[in-house]
Amino acid sequence: MKTSLAFLRVPALLAAFATLAPLTSAADAKRPAPKPADLQVVVDVPPSWRPFLDDDVAEALFYRLKEVFSRRGYKGEIVQLGAGEAGNKATPTLQLSLTEWRLDRTGNAQCMMSADLKAPAGEKNLGLVTGTALFWPHGNRWSIHRQMETADALEDAADSALRDLYRIVAKTGLVADLDAKK
């Protein structure tokens, strides 16, 4: 009669687990703690008939802001907050309200938003920030190439507006590590 050795496998598995379990907690202890945010950003997008698109537009604008600020030399950690999410009161919060981000009738890409900055040192209404970029379409109106050109023009318009926003925020002096000369 053949005997099963399955009952010997269970203690071996338990022993292996008991020796590996302390190693995983040690690896977690070596992982660096998340860096605290230096700037919190809230992006409000006008409501549309596609709420998931609104979230995508807000996220795209946030990542454009993050890239433009880093290209300008900002080394701080930028975090996006949701519309109803409460952030850290000790961290400056930049509130962006997107007014329009579209191609106009003349073929230019436009990005327009209002901005407010709340910091522990004070609050400042930064006003309306706009950016414009030329759109030169080539080829078929419905081609994938045309869609890429449209996206590039909209990104250029947003980058233009966000460069101006960086300059305005830096002049306020409410956010640390922003160089007003750039």
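The values are calculated or read from the model by the stated rules, or taken from the named source; none is laboratory data. These numbers were taken from a predicted model, which means no experiment stands behind them. Every residue, glycine among them, receives a Cβ derived from its backbone with ideal geometry; neighbour counts consider all protein chains shown.
Report yes if THR106 is of a type in the set (S, T, N, Q) and within 14 Å of LEU162 (Cα to Cα), otherwise no. Before the answer, list the steps.
Working: of a type in the set (S, T, N, Q): yes; within 14 Å of LEU162 (Cα to Cα): no.
In short, no.
Selection over the range 86-104 of residues that are at pLDDT 90 or above and small (Gly, Ala, Ser) gives a count of 1. Answer yes or no: is there a residue in the range 158-173 that is modelled with pLDDT of 80 or more, of a type in the set (Lys, Arg), surrounded by fewer than 14 Cβ atoms within 10 Å (Cβ to Cβ) and part of a helix (DSSP H, G or I). Yes, some residue in the range 158-173 is modelled with pLDDT of 80 or more, of a type in the set (Lys, Arg), surrounded by fewer than 14 Cβ atoms within 10 Å (Cβ to Cβ) and part of a helix (DSSP H, G or I).
Output the residue which, of all residues in the range 86-105 that are touching a strand residue (DSSP E or B) at 6+ places or on another chain (Cβ under 8 Å) and in a loop (DSSP other than H, G, I, E, B), is surrounded by the most Cβ atoms within 10 Å (Cβ to Cβ). Break it down stepwise before answering.
Filtering the range 86-105 for residues touching a strand residue (DSSP E or B) at 6+ places or on another chain (Cβ under 8 Å) gives 87-88, 91-104.
Still in the running and in a loop (DSSP other than H, G, I, E, B): 87-88, 91-92, 104.
Working: GLY87: 17, ASN88: 13, THR91: 19, PRO92: 24, ASP104: 11.
Per the stated criteria, the residue is PRO92.
Only one of the numbered conditions (1) part of a loop (DSSP other than H, G, I, E, B); (2) at pLDDT 90 or above is not met by PHE62, and that is (1).
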